[in-house]
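The values are calculated or read from the model by the stated rules, or taken from the named source; none is laboratory data. Source: prediction; values computed, not measured. Cβ sites come from the backbone with ideal geometry, for glycine too, and all protein chains shown count toward neighbours. For the accessible areas, the whole protein counts, side chains as well, though only heavy atoms, and no ligand, DNA or RNA atoms are used. Shrake-Rupley method; radii C 1.70, N 1.55, O 1.52, S 1.80 Å.
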Amino acid sequence: MVAVTASDHSSAQEPPEFFQEFDVICSIESTKEENIRLNTIARQNHAAFFAADVFGMFGYIALDLGEEYKYNKEKKLLTGPNIEKVQTVEFVTKYPAYKNIVVQDRDDNQLWTGKRTPATLFAFYVMLDFYDSKRRHPDPANREEDLDNLYKFRDAFCKSQGIPYDRVPDELFECVFGQLGPVCAITGGVLAQEMVKAISKRDEPIC
């Protein structure tokens, strides 16, 4: 029960004015450069921005709902013995720009200092670097060459960020080929859910 229109242009071919009418911009399978451009446009127009992709067994969602995103959430209050009252409370959350998520400054980032930082987060940056360089996902038909390139991107990333190489083991990149249906379904389902939240401004979004 909605009107759907499609364009045969890529988002990179559209001028900033094209995006002004939208409340939500969702970018899938794009480079960091294009996502940063779209996020900048979204911020200028007070629109929600989402970026997502799937690499084999891994999926990611990044979102920017603005400097001051307000949403409503129901909160249960006890007003007496065994008496509950539901009250709608407004919350405010601040989101970083997409650029601040994907462009890491070693000297200005506390993320890497903790040993509990998951290796999959580091692998995420490596896979984005691979996509930016090759303009495609790792290809099962080109597995050996792509694995070699992934290891090189991993080594360069670890060196630039001062991260021990063993924090991002080779085994992680053996699972990033193709786009698996179940992973796409989970990532897409969560993405759609979060977009509905952003539009309705109900319930707590992921951060």
(request) Show the residue pairs that are 6+ apart or on different chains and have beta-carbon atoms under 7 Å apart, the first residue being within the stretch 157-174 and small (Gly, Ala, Ser), the second being loosely packed, with under 13 Cβ neighbours inside 10 Å. (result) Ser160/Arg106; Gly162/Arg106
(message) Exactly one of these conditions fails for Glu145: (1) surrounded by fewer than 18 Cβ atoms within 10 Å (Cβ to Cβ); (2) within 18 Å of the chain's Cα centre (by Cα); (3) of a type in the set (Asp, Glu). Give me its number.
(response) (2)
(message) Name the single residue that is least open to solvent (accessible area, probe 1.4 Å) among those in the stretch 149-207 being over 21 Å from the mean Cα position of the chain (by Cα) and among the basic types (Lys, Arg).
(response) Arg167
(message) Cβ-Cβ under 9 Å, sequence separation 6+ or interchain: first residue in the stretch 56-76 and on the phi > 0 side of the Ramachandran plot, partner among the hydroxyl-bearing types (Ser, Thr, Tyr) and buried (at least 16 other Cβ atoms within 10 Å of the Cβ). Which pairs?
(response) Gly66/Tyr95
(request) Quick one: Glu67 ticks every box in (1) exposed (fewer than 10 other Cβ atoms within 10 Å of the Cβ); (2) outside any strand (DSSP E or B) except a single one, so which number is it? (result) (1)
(message) So the check is Cβ under 7 Å with 6+ separation or different chains; which pairs have a first residue in the stretch 123-152 that's in contact (Cβ under 8 Å) with a residue 60 or more places away in the chain and of a type in the set (A, V, I, L, M, F, W, C) and a second one that's part of a loop (DSSP other than H, G, I, E, B) and open to solvent by less than 10 Å² (accessible area, probe 1.4 Å)?
(response) Ala123/Val168; Met127/Val176
(request) Determine the pairs where a residue that is closer than 15 Å to Val89 by Cα, located within the stretch 192-207, has a partner that is open to solvent by less than 60 Å² (accessible area, probe 1.4 Å) with Cβ atoms under 6 Å apart, the partner being 6 or more residues away or on another chain. (result) Lys201/Tyr71; Arg202/Asn72; Asp203/Lys197; Pro205/Glu194; Pro205/Lys197
(message) Just to be sure I understand, how many residues within the stretch 1-37 are within 13 Å of the chain's Cα centre (by Cα) and either small (Gly, Ala, Ser) or not in a loop (DSSP other than H, G, I, E, B) (or both)?
(response) 8
(message) Based on this model, can you work out whether Ile83 counts as within 30 Å of Leu150 (Cβ to Cβ) and among the aliphatic types (A, V, I, L, M)?
(response) no
(request) Being surrounded by 18 or more Cβ atoms within 10 Å (Cβ to Cβ) and among the hydrophobic types (A, V, I, L, M, F, W, C) is the filter here, so list the residues in the stretch 27-57 that pass it. (result) Ile36, Leu38, Ile41, Ala42, Ala47, Ala48, Phe49, Phe50, Ala51, Ala52, Val54, Phe55
(request) Please name all residue pairs, on different chains or six or more residues apart, with Cβ atoms under 9 Å, provided the first residue is in the stretch 1-26 and is closer than 20 Å to Glu194 by Cβ and open to solvent by 100 Å² or more (accessible area, probe 1.4 Å) and the second residue is among the hydrophobic types (A, V, I, L, M, F, W, C) and in a loop (DSSP other than H, G, I, E, B). (result) Asp23/Ala47
(request) Kindly state which helices (runs of 4 or more DSSP H) lie completely within the stretch 98-207 and contain at least 3 residues that are in contact with a strand residue (DSSP E or B) (Cβ under 7 Å, 6 or more places away or on another chain). (result) 119-134, 181-200
(request) Within the stretch 80-99, identify whether any single residue is under 19 Å from Leu191 (Cα atoms), under 12 Å from the mean Cα position of the chain (by Cα), buried (at least 17 other Cβ atoms within 10 Å of the Cβ) and at pLDDT 95 or above, and answer yes or no. (result) no
(request) Give the residues of the stretch 100-128 that are at pLDDT below 85 and surrounded by fewer than 10 Cβ atoms within 10 Å (Cβ to Cβ), sorted by residue number. (result) Asp105, Asp107, Asp108, Gln110, Thr113, Gly114, Lys115, Arg116
